[in-house]
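One structure is given here, and the rest of the page talks about it.
The values are calculated or read from the model by the stated rules, or taken from the named source; none is laboratory data. All of these numbers come straight from a predicted model, not from anything done at the bench. Counting neighbours? That spans all protein chains shown, and the Cβs are built from the backbone with ideal geometry, glycine included. Heavy atoms of the whole protein, side chains included, go into the accessibility calculation; ligands, DNA and RNA do not. Shrake-Rupley method; radii C 1.70, N 1.55, O 1.52, S 1.80 Å.
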Amino acid sequence: MVGVLALASAVAAGHLVAAFVGVNASPYVAVGNSAVALSPGWVKDFAIETFGSKDKIALLIGMAIVLVIIAALVGILSRRSPEPGTVFVVLFGLLGAAAVFTSSQTGPLALLAPGASLVAGVLVFRWLHRVGAGGTGAQQETAQPDGPPPPGKGRRQFLIGAGGVVAGAGISGIAGQTLLSSGGATASRAAVGKLHVASTAAPVPSDTAFTKLGTKPFITPNSDFYRVDTALAVPKLSTADWQLRIHGMVEHELTFDFDDIRNMPLIERTITMVCVSNPVGGPYISTSKFIGVELRELLNRAGTQPGAEQLFSTSTDGFTVGTPLSTVLEADRGALLAIGMNNEPLPFEHGFPARMVVPGLYGYVSATKWVVDMEITTWQARDPYWLNHGWAKKAPIKTESRIDQPAGFDTVAAGKVTVSGVAWHPHLGIDKVEVRLDNGPWRQAHLGAEYTIDTWRMWHTTFDVATGSHKVTVRATDKTGYTQTSDRVDTVPDGATGWHTVSFSAN
Ligand SMILES: Nc1nc2c(c(=O)[nH]1)N[C@H]1C(S)=C(S)[C@@H](COP(=O)(O)O)O[C@H]1N2
Ligand SMILES: [Mo]
């Protein structure tokens, strides 16, 4: 108990101090971030596949379980003398300090947080140990020189002390978390107010989606937009803290602040984003009306030099992305530096104050959130984050389709059964969607209106279904005439392929 309480005090003290010097100074968060950074690719893939977007919570809870077990063991090791425990607390403190020190997201002041953890951990451990040891005859050698107090008194003192520690740790931890989550960034985002769009996106016709027949809405609400990133704590920059630097193989280095960007003519553009980690039939695809400026124009102002191949962008959290420069510079690509999403400033989770969005490329090679730096360079010179984990350097989005209704293992009434879903090949567009019931013939589905080639396409069709177990399968054909392959390929290295099949029964 002494070990666990000392651990709780250390974590809470560090978290409270981190409220003043930045969330990534919190030793708990920093150790978690390092664990993410150091874990091999297959561990990350496993975490994403097993826990989905709850992978971060799973990591934090897993860490808590491991730490509590170690703390309890250390407590047991320290029954006779506080020294083993003290050594462990100091080692933990140094581990936290190392994680904070090596983080790219922390300044020198950040070391105050693991420092506070170390001091709080050692003091609480030694103090509780003394109070606790005072109460039992078995540990007389560590008792006060004036002899052990009567057992009842010692136990009461220990419980009072432990209760005080629980209360103190709880209050400082919660205070730290409250201060952290209500920082200046929230006020800064609120202060952005309405973005004045010079060129709005065309209105979305109602026949682009069939929500009554089971498809997703054409525009994904911000709260439902899929989220994928490596950041344990969502970076919370205020607009005043944000700058974008464009440098490297350019004629003139440029730096933009938030007002520079928002005062340019803003463009609204509806774009479907897809994650390369999306398995066949998976959820990591969404569509939003992004607001921003032409990325191509920013780069042209800087003037890219001949021989430049890669736009190597860096997030404030240290995450890096490599995008083919020629793609970003294509006149009709429509790549954005986005600052808004569905009529509001970007949500923090989606990159506030600014992110990249490039139609047609998977997110990990194009969609840098919290982007602060763009270096124009060669493919040879720079390796982006996911490249070192086995993912491909170039990754255009593959032609794919998904069934949303019926859901897997649904039971439906026999007779007319509507099957619906979505197909996509951003920046090329979808030509045809075919669906088949069991091993029957392919039937062409009714397609929703095409909005632009950069957005997904909803579809539906209806089958006569007899009682029993069935499956439906979908395949899409894009505008190049390519029909998606039935070959099941995993997401690594450049996106999954295969037909989505859903099993259901009718009665
Ligand atoms: N800073 C940062 N940007 C990032 C990522 C990340 O981990 N960190 N993940 C990328 C990936 S893999 C995808 S698919 C998209 C997801 O963007 P979203 O979370 O807004 O949907 O962001 C990209 N940008
Ligand atoms: Mo992704």
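Which one of 70, 76, 65, 57 is under 17 Å from the mean Cα position of the chain (by Cα) and either touching a residue at least 60 places away in the same chain (Cβ under 8 Å) or assigned to a helix (DSSP H, G or I) (or both)? Spell out the reasoning first.
On the way: 70 fails: under 17 Å from the mean Cα position of the chain (by Cα); 76 fails: under 17 Å from the mean Cα position of the chain (by Cα); 65 fails: under 17 Å from the mean Cα position of the chain (by Cα).
Just one listed residue meets the conditions, 57.
For the subset of the stretch 375-394 comprising residues that are more than 10 Å from ligand 1 (Cβ to nearest atom) and touching a Phe, Trp or Tyr at 6+ places or on another chain (Cβ under 6 Å), which member is nearest to residue 492 (Cα to Cα)? Walk me through how you get there before you give the answer.
So in the stretch 375-394, the residues more than 10 Å from ligand 1 (Cβ to nearest atom) come out as 375-384, 387-390, 392-394.
Add one more test, that the residue is touching a Phe, Trp or Tyr at 6+ places or on another chain (Cβ under 6 Å), and what stays is 375, 377, 382.
Working: 375: 26, 377: 25, 382: 21 Å.
Once the filter is applied, the top-ranked residue is 382.
I'd like to know if the stretch 347-361 contains one or more residues that are at pLDDT below 95, crowded, with 19+ Cβ neighbours inside 10 Å and within 21 Å of residue 276 (Cβ to Cβ). Before the answer, list the steps.
Going through the stretch 347-361, the residues at pLDDT below 95 turn out to be none.
Checking the stretch 347-361: not a single residue is at pLDDT below 95, crowded, with 19+ Cβ neighbours inside 10 Å and within 21 Å of residue 276 (Cβ to Cβ).
Could you list, in sequence order, the residues of the stretch 263-277 that are assigned to a loop (DSSP other than H, G, I, E, B) and within 14 Å of ligand 1 (Cβ to nearest atom)? Outline the logic, then answer.
Going residue by residue through the stretch 263-277, those that are assigned to a loop (DSSP other than H, G, I, E, B) are 263-265, 275-277.
Passing the criteria: 275, 276, 277.
Specify the residue that is farthest from residue 276 (Cα to Cα); the eligible residues are those in the stretch 5-36 that are modelled with pLDDT under 80 and either open to solvent by less than 20 Å² (accessible area, probe 1.4 Å) or within 21 Å of the chain's Cα centre (by Cα) (or both).
22
Please state which of the following conditions residue 355 fails to meet, knowing it meets all the rest: (1) at negative phi; (2) out of contact with any Asp or Glu (no Cβ under 7 Å at 6 or more places or on another chain); (3) within 16 Å of ligand 2 (Cβ to nearest atom); (4) touching a residue at least 60 places away in the same chain (Cβ under 8 Å).
Only one criterion is unmet by residue 355, namely (4).
Could you pull out the residue among 329, 387, 337 that is over 17 Å from the mean Cα position of the chain (by Cα) and within 16 Å of ligand 2 (Cβ to nearest atom)? Spell out the reasoning first.
Values: 329 fails: within 16 Å of ligand 2 (Cβ to nearest atom); 337 fails: within 16 Å of ligand 2 (Cβ to nearest atom).
After applying the criteria, what remains is 387.
How do the pairs read when you match residues in the stretch 361-379 that are under 9 Å from residue 311 (Cβ atoms) and more than 15 Å from ligand 2 (Cβ to nearest atom) with residues anywhere that are open to solvent by less than 10 Å² (accessible area, probe 1.4 Å) and of a type in the set (Gly, Ala, Ser), using Cβ under 8 Å and keeping only pairs 6 or more apart or on different chains?
Once the first residue is under 9 Å from residue 311 (Cβ atoms) and more than 15 Å from ligand 2 (Cβ to nearest atom) and sits in the stretch 361-379, its partners that are open to solvent by less than 10 Å² (accessible area, probe 1.4 Å) and of a type in the set (Gly, Ala, Ser) give 374/313; 375/313; 376/302.
Condition check ((1) crowded, with 16+ Cβ neighbours inside 10 Å; (2) farther than 30 Å from residue 55 by Cα; (3) modelled with pLDDT of 95 or more) across all residues:
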| site | (1), (2), (3) |
| --- | --- |
| 165 | yes, yes, no |
| 229 | yes, no, no |
| 235 | yes, no, no |
| 251 | no, yes, yes |
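Picking from 309, 330, 297, which residue would you name as being more than 14 Å from ligand 1 (Cβ to nearest atom), acidic (Asp, Glu), within 25 Å of residue 392 (Cα to Cα) and out of contact with any helix residue (DSSP H, G or I) (no Cβ under 7 Å at 6 or more places or on another chain)?
Working: 309 fails: out of contact with any helix residue (DSSP H, G or I) (no Cβ under 7 Å at 6 or more places or on another chain); 297 fails: within 25 Å of residue 392 (Cα to Cα).
Answer to the selection: 330.
I'd like to check something: does the stretch 470-487 contain any residue that is aliphatic (A, V, I, L, M) and either surrounded by fewer than 19 Cβ atoms within 10 Å (Cβ to Cβ) or in contact with a Pro (Cβ under 6 Å, 6 or more places away or on another chain) (or both)?
Just the residues of the stretch 470-487 that are aliphatic (A, V, I, L, M), to begin with: 472, 474, 476.
So of that shortlist, the ones also either surrounded by fewer than 19 Cβ atoms within 10 Å (Cβ to Cβ) or in contact with a Pro (Cβ under 6 Å, 6 or more places away or on another chain) (or both) come out as none.
For the stretch 470-487, residues aliphatic (A, V, I, L, M) and either surrounded by fewer than 19 Cβ atoms within 10 Å (Cβ to Cβ) or in contact with a Pro (Cβ under 6 Å, 6 or more places away or on another chain) (or both): absent.
From 365, 372, which residue is buried (at least 22 other Cβ atoms within 10 Å of the Cβ) and more than 8 Å from ligand 1 (Cβ to nearest atom)? Steps first, answer last, please.
Working: 372 fails: buried (at least 22 other Cβ atoms within 10 Å of the Cβ).
Exactly one residue qualifies, and that residue is 365.
Please determine, by comparing only the residues of the stretch 202-217 that are hydrophobic (A, V, I, L, M, F, W, C), out of contact with any Phe, Trp or Tyr (no Cβ under 6 Å at 6 or more places or on another chain) and closer than 13 Å to residue 420 by Cβ, which one is least open to solvent (accessible area, probe 1.4 Å).
Narrowing the stretch 202-217 to residues hydrophobic (A, V, I, L, M, F, W, C): 202, 204, 209-210, 213.
Narrowing the set further to residues that are out of contact with any Phe, Trp or Tyr (no Cβ under 6 Å at 6 or more places or on another chain) leaves 202, 210, 213.
Narrowing the set further to residues that are closer than 13 Å to residue 420 by Cβ leaves 210, 213.
Numbers: 210: 32, 213: 57 Å².
Among residues in the stretch 202-217 that are hydrophobic (A, V, I, L, M, F, W, C), out of contact with any Phe, Trp or Tyr (no Cβ under 6 Å at 6 or more places or on another chain) and closer than 13 Å to residue 420 by Cβ, the one least open to solvent (accessible area, probe 1.4 Å) is 210.
Scan the stretch 390-438 for residues that are surrounded by fewer than 20 Cβ atoms within 10 Å (Cβ to Cβ) and out of contact with any strand residue (DSSP E or B) (no Cβ under 9 Å at 6 or more places or on another chain) and report the count.
2
Can you tell me which residue within the stretch 235-265, out of those that are in contact with a Ser or Thr (Cβ under 8 Å, 6 or more places away or on another chain) and β-branched (Val, Ile, Thr), is nearest to residue 294 (Cα to Cα)?
246
Checking the structure you have, find out if any residue of the stretch 278-286 is surrounded by 23 or more Cβ atoms within 10 Å (Cβ to Cβ), part of a strand (DSSP E or B), among the hydroxyl-bearing types (Ser, Thr, Tyr) and within 16 Å of ligand 2 (Cβ to nearest atom).
Of the stretch 278-286, the ones surrounded by 23 or more Cβ atoms within 10 Å (Cβ to Cβ) are none.
Within the stretch 278-286, none of the residues are surrounded by 23 or more Cβ atoms within 10 Å (Cβ to Cβ), part of a strand (DSSP E or B), among the hydroxyl-bearing types (Ser, Thr, Tyr) and within 16 Å of ligand 2 (Cβ to nearest atom).
Before we move on, is residue 455 within 27 Å of residue 270 (Cβ to Cβ) and either in contact (Cβ under 8 Å) with a residue 40 or more places away in the chain or open to solvent by 10 Å² or more (accessible area, probe 1.4 Å) (or both)?
yes
A quick yes/no check of all residues on (1) within 16 Å of ligand 2 (Cβ to nearest atom); (2) open to solvent by less than 10 Å² (accessible area, probe 1.4 Å):
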position	(1), (2)
254	no, no
259	no, no
263	no, no
271	yes, yes
289	no, no
292	no, yes
298	no, yes
307	no, no
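Return the pairs, sorted by first residue and then second, in which the second residue is more than 9 Å from ligand 1 (Cβ to nearest atom) and open to solvent by less than 10 Å² (accessible area, probe 1.4 Å), the first residue lies in the stretch 279-293 and is of a type in the set (D, E, K, R), the beta carbons are less than 7 Å apart, and the residues are 6+ apart or on different chains.
These pairs meet every condition: 289/270.
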